[in-house]
Each structure stands twice: as C-alpha cells, then as structure tokens.
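The values are calculated or read from the model by the stated rules, or taken from the named source; none is laboratory data. Predicted model, so just to flag it, every value in this text is computed and none were measured. Note that we place each Cβ from the backbone using ideal geometry, even for glycine, and neighbour counts take in every protein chain shown. Accessible surface areas use protein heavy atoms only, side chains included; no ligands, DNA or RNA. Shrake-Rupley method; radii C 1.70, N 1.55, O 1.52, S 1.80 Å.
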Amino acid sequence: MSIGKKKELKVSIIVAKAKNNVIGKDNQLIWRLPADLQHFKQTTLGHHILMGRKTFESMGKPLPKRTSIVISRNPDYPVPDGHHLVHGMEEALDLARQKGLEKIFVIGGAQIYKQALPLTDELIVTEVEASPEGDVFFPEMDPEEWKVNERVIHSKDEKNEFDFTIVTYLRKTT
Ligand SMILES: NC(=O)c1ccc[n+]([C@@H]2O[C@H](COP(=O)([O-])OP(=O)(O)OC[C@H]3O[C@@H](n4cnc5c(N)ncnc54)[C@H](OP(=O)(O)O)[C@@H]3O)[C@@H](O)[C@H]2O)c1
C-alpha cells in the first residue's frame, strides 16, 4: 500500500474589488451583487476562512458551514466555539498546517489582504465594473507575479447592479 504525500497548505485570497481597488466603506460592502455572494459562498463552503477582526464584526456572526479564523491583537477577543482566534498571519497559517488543511481562504479586509498577499498562491478576484468611493483598498497586484487561469464574465441585471468578471490568478512559479 502506498501512502500519499501530504499536500502543502495552499493560501487563496478571495476578494471583490472595484476598478479603483476599493473594497469597502464604513466597514461594509458597497455594492449589490448577489451573484457574487453566491460565488463566494460556493467557493468557501466547508473551508476555513481567515479574516481580520473588523471584517468578522461587519458580518455579525460566523458564516454558516465554514470555520472562521479571526485575527486580532486583543488576546481576549471573543470568538464562538468551533472557531479560532489568532494574533498574526503566521500564527493563522501555523494553525491551518497543524489542522492538516490543504487550503485556506483569506477573505479580508484590507489590512489582512495586504499581509497575506506575499504568502498567497491563488487570487480569486471579482473585478467589479465600477469606481465607487470607499475607505479601504485591495493592495496593488504586481502583474509580473500573476498569471490568469480563468475568467468568468457576469453581466448586470435587475438583481446585480454592475457587470463583473471573476478572474482566478495563479502565482507564477518562474
Ligand atoms: N470587497 C471584499 O471582498 C471585502 C472582503 C472583506 C472585507 N471587506 C471590507 O473591508 C473593510 C474591513 O477591512 P479593514 O482593513 O478595515 O479591517 P480588517 O482587515 O478586516 O481587520 C483589521 C483588524 O485585524 C486585526 N489585525 C490586522 N493585522 C493584524 C496583525 N498583524 N496581528 C494581529 N491582528 C491584526 C486588528 O484587529 P484588532 O483591532 O482587534 O487588534 C485590526 O484592527 C470593510 O469595509 C469590509 O466591508 C471587503
């Protein structure tokens, strides 16, 4: 019997960003795109999702059928049973490795995306055809570091207020 080699942890960022890199305002999302929320749900269901304390608070409670890992400098920040509190990016990734995870989704916000980007293997970016005002931004991506793996175009309709494209980028290996 052969024993399979254990896979390394893959870090995947998932984000919805505007053309001007805006991702939020007043600790909230700024567009009505239920089709994108559905894509987010389908992609992350069953997985561990890593987020900053402000993003966790903006959601109000853990997302169902996912395990939340919340980053805060507050040693006593309350996180519901079955979810995790960590105090930095490395601690979060160590926890994921200790749990034997093959994948973790980084779901924001701006502070966490910035710290996670250099450690990330895959970016799943909803590129929204809008340039709204906001107060938090996705960091600049270096086009030399990423190649496009997939592009899925969505047109606006009565429920989704902007066109958007879901682009999956993989980190170039050479
Ligand atoms: N468009 C999207 O896809 C998307 C996704 C997610 C969020 N958002 C938006 O992003 C905004 C929130 O982003 P944000 O940048 O303000 O906040 P955030 O990244 O969600 O959380 C920031 C908090 O994380 C903790 N933190 C950050 N770095 C840390 C470190 N190295 N060690 C320990 N703790 C650390 C701190 O918590 P403490 O203060 O408790 O120490 C900090 O205040 C909201 O508007 C939200 O709607 C957009």
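Contact annotation: residue pairs with Cβ atoms under 9 Å, 6 or more positions apart or on different chains, pairing a residue in segment 76-88 that is among the small types (G, A, S) with a partner that is buried (at least 16 other Cβ atoms within 10 Å of the Cβ), are G82/P62; G82/T67; G82/S68; G88/I71; G88/Q115. Among (1) part of a loop (DSSP other than H, G, I, E, B); (2) farther than 15 Å from M51 by Cα, which single condition is R97 missing? Answer for R97: the failing condition is (1).
Whenever a residue of segment 46-57 is closer than 10 Å to I107 by Cβ, its partners that are hydroxyl-bearing (S, T, Y) and part of a loop (DSSP other than H, G, I, E, B), lying with C-beta atoms within less than 8 angstrom and at least six residues away or across chains, give the pairs G52/S72.
Just to check your reading of the model, which residue among I104, I13, I30, I69 is of a type in the set (A, V, I, L, M, F, W, C) and at pLDDT below 95?
Of I104, I13, I30, I69, the one residue that is of a type in the set (A, V, I, L, M, F, W, C) and at pLDDT below 95 is I30.
Among the criteria (1) small (G, A, S); (2) free of Cβ contacts under 8 Å to residues at least 24 places away in the same chain; (3) under 23 Å from D36 (Cα atoms); (4) surrounded by 12 or more Cβ atoms within 10 Å (Cβ to Cβ), the one S155 does not fulfil is (4).
Being farther than 24 Å from H47 by Cα and within 14 Å of the chain's Cα centre (by Cα) is true for just one of F162, F137. Which residue is that?
F137
Being under 14 Å from the mean Cα position of the chain (by Cα), farther than 18 Å from V152 by Cβ and buried (at least 18 other Cβ atoms within 10 Å of the Cβ) is the filter here, so list the residues in segment 2-28 that pass it. Quick ask: steps written out before the conclusion?
First, the residues of segment 2-28 that are under 14 Å from the mean Cα position of the chain (by Cα): 10-17, 23-24.
Still in the running and farther than 18 Å from V152 by Cβ: 10-11, 23-24.
Within segment 2-28, V11, I23, G24 qualify.
The condition (being under 16 Å from the mean Cα position of the chain (by Cα) and not aliphatic (A, V, I, L, M)) is satisfied by just one residue among P75, P62: P62.
Close contacts from segment 113-127, counting a first residue that is under 16 Å from T43 (Cα atoms) and a second that is open to solvent by less than 10 Å² (accessible area, probe 1.4 Å) and of a type in the set (F, W, Y), with Cβ to Cβ under 6 Å and a gap of 6+ residues or different chains, come to T126/F164. Of the residues making up segment 37-92, not one is loosely packed, with under 13 Cβ neighbours inside 10 Å and β-branched (V, I, T).
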